[in-house]
Amino acid sequence: MNKILMGALLSIFVGSSFSAHGAGVTDAMIDNDAASTNDVLSWGIGTEAQRFSPLTQINTKTVSKLTPIWSLSFGGEKQRGQESQPLVYNGKMFVTASYSRIFAIDVKTGTKLWKYEHRLPDGIMPCCDVVNRGAALYGNLVIFGTLDAQLVALDQDTGKVVWKEKVDDYAAGYSISAAPLIAKGLLLTGVSGGEFGIVGRVEARNPMTGQLVWTRPTIEGYMGKKYDADGKESDNGISGTTNATWPGELWKTGGSSTWLGGSYDKSTGLAYFGTGNPAPWNSHTRPGDNLYSSSTVALDVTTGQIKWSYQTTPHDGWDYDGVNEFVTFDQDGKRLGGKADRNGFFYVIDANNGKLVNAFPFVNKITWASSIDLKTGRPNYIDAGRPGDPTKGEEGKKGTTVFAAPSFLGGKNQMPMAYSPQTKLFYVPANEWGMDIWNEPISYKKGGAFLGAGFTIHPLNDDYIGALRAIDPKTGKRVWEIKNNAPLWGGVLTTAGGLVFYGTPEGYLKAVDAKTGKEEWKFQTGSGIVAPPITWSEGKTQYVAVVSGWGGAVPLWGGDVAKKVNFLEQGGSVWVFKLSK
Ligand code: CA
Ligand code: CA
C-alpha cells in the first residue's frame, strides 16, 4: 500500500470514528465553522458572525430552481415569535422554538428525532415575547438558555438532559433568549432583563458540566468572580471604578443586559458582547455615562477581564441599548468589527483595541445626535432630542415629550446582519421609525418594570418601515436598498453564490443579487419570518433553511406600527430548500 492511500484510509477511519465514538463538536471545528460548509455549528455561521457561506451551487443563475423539500411544525397551542437560527451537525438539525423548546430533526427527511419542552413557571418576565434565538453545540451536547434564566444541556442523540443550571432569579426579571457562544472551550452566555433593573453580565462555564469558570458584570462598580475546580469563589477584579460613571446606588440596579449574546474572533482571542440600556430609561435619574451600558464590551475569554469597551450611546435616554452583534472582518490589513447600532449609526471599530475607525448613519432620520466625532469616539448630542426631566415638568409628574428617531426598537434590533468578504459589503436589515417619548418618576421594585418612561411608536413613511441595505463600511455609502412595508425583523445570510437571503414579516424568504439587490427568488412560508436563514451542504447538495413564525417585540410594543402589522398570522415551523433538477 502506498503512503498516499494509507493516509487517505487513515483520515477516513479517523473521520468516521470521530462521530461514531462521540468526540463530537470540538473547539477546532467551532473555530473553523465559517469555512466548513458541511455543518453550521454556531450562531452567526462562524463565531465571527459574518453569516457568509463559501457555497456556490445555489447562485444568481440557479436560485430560480430553489424548492422546499420539507417543513416541520413546532406544533403546540402556543406559537408567538420564532427568532431561532438552526444548527446542523452529523445529519441532525437542532432548532429552538418559542416557550423554551428545542427540536432535533433528521436533516434528510424532516423527521422529528426528539423534542425537549422546558417546564416554565407562571411568573416568567420576558420583556419582548417568548422567543429563543438558538443553541450551541459542544462535544455530544446541545445547549440553550430558557425564559426562566436557566441553561439546559441535552444529549444530541437522545434529547436527555445531561446538566441544567440556574443562572439567576426569573422573579427579579432575569431571562435568557440569546444563543450561547462557545469560545476557547468555554460556554459564554449573557442575561436578558434590562427593563427590570437586573445586573447585566457575561458568564463562562465548562460546557460539558455547566460549572462556572468566571463571571463579568457589565455595570461599572461590580466585582467579577472566578471559580476553581471545586467551585470555590474568589474575586476577579472590579469592572471599572465604583461611582465613576454612576451616581449613588443606581449602578446596583443598572440594567446593561447582555441579551443578544456575543461573537468571538480567534485572531484577537476576544469575545464581543453588546450591552443594553442603563436602567431606568429615565436618564435624568442617573447623570453620567453609565458604563458599560449601551456598549460593546470586549472580553479576554481566558481571564474574564474587560480588554476594551466602546459606548455607542453614553447616558442613553431612549432605550437604544447597544446589544447589536459585533461582526469581525478584514479591511486594509486590519481586523475590524462592524456594528449597526439600535441608535441608527453604523460603527467600524478596531477589534483589537476598541478604537473607532468610522461611524455613519445607516437610517435616514436620527434626532438624538448629529454625528459621531471620529477623534473622540463620542456622539455630538442634539440636546433638544432628549426627553425632558419629570422633576422639572408640570407637578413633577411628566417631563417634556420629544419626538425621537430611531424609535427604541432601533435602526436595527435583534435581527443579525451579514458581511460578504466577496463584495466587502454589510447587508443590514434596517427600519425607519420614530417615537414620542417622555419621562416619569420611577423607583426600583424587584420584578417590576423599571422604565420611568412612556412612548408611542410611529412609522416615518407611508409606504415602508423596513429597508434591507447593502452598506460599504469604508465609505458609509449605501450601494443598494430594498424597501419593505412591514418592519424587517429576521436576519440575513450571504453566499459566494452572489446571493443575499432574508425573510419578511409578510412571510417571504427572498434571495437577491448581492451586488445589485435585484430580487431573484422568493417563497411564501405561511407565517412571518423573524429569524435568520442558514445554508450548508451534504455530499454534492447545498441546502437553505429558515424558521417561520411571526412575533417578537414589534406586535407587543409597536404602537401605530402594531396596527400596521396586525393582519399577520402567527406560526411555528422550519423550512428546508434545495435546487430541483
Ligand atoms: Ca460550518
Ligand atoms: Ca432595553
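Key figures
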item: Dimensions (Å) - the range 344-485, Cα atoms, principal axes, largest first; result: 58, 39, 32
item: Tail weight of P(r) past 33 Å, computed on alpha-carbon pairs of the range 3-579, percent; result: 37
item: Gained length - residue 374 relative to residue 580, 0.36 nm times residue gap less alpha-carbon distance; result: 69.2 nm
item: Gain on full stretching of the segment that runs from residue 302 to residue 541 - 0.36 nm per residue minus C-alpha separation; result: 82.2 nm
item: The range 68-222 - percent relative contact order, Cα under 8 Å, separation 6 or more; result: 15
item: Area projected by the alpha carbon convex hull of the range 208-258, averaged over all directions, nm²; result: 4.2
item: Pairs from 108/518; 266/339; 184/474; 78/164; 108/160; 483/578 whose Cα-Cα separation, in the structure shown, is over 20 Å; result: 108/518; 184/474; 78/164; 108/160; 483/578
item: Along each principal axis, Cα extent of the range 152-200, largest first, Å; result: 38, 25, 14
item: Nearest-0.05 FRET efficiency for residue 461 and residue 382, computed from C-beta distance (R0 25 Å); result: 0.70
item: Spatially proximal aspartates and glutamates relative to residue 477 (Cα-Cα < 19 Å; intrachain offsets below 8 disregarded); result: 330, 332, 341, 373, 432, 513
item: Fewest-first sequence of 102, 198 by Cβ atoms within 10 Å of each Cβ; result: 102, 198
item: For the range 300-316, Karplus couplings with θ = phi - 60° (6.51, -1.76, 1.60), whole Hz, Gly/Pro x; result: 5, 5, 5, 9, x, 8, 7, 7, 7, 9, 9, 8, 6, 10, x, 6, 4
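Each reported figure results from applying straightforward, stated rules to the coordinates on display, with no laboratory input. Given the structure is predicted, the values throughout are model-derived calculations rather than measurements. Glycine gets a Cβ as well: all are built from the backbone with ideal geometry, and neighbour counts include every protein chain shown.
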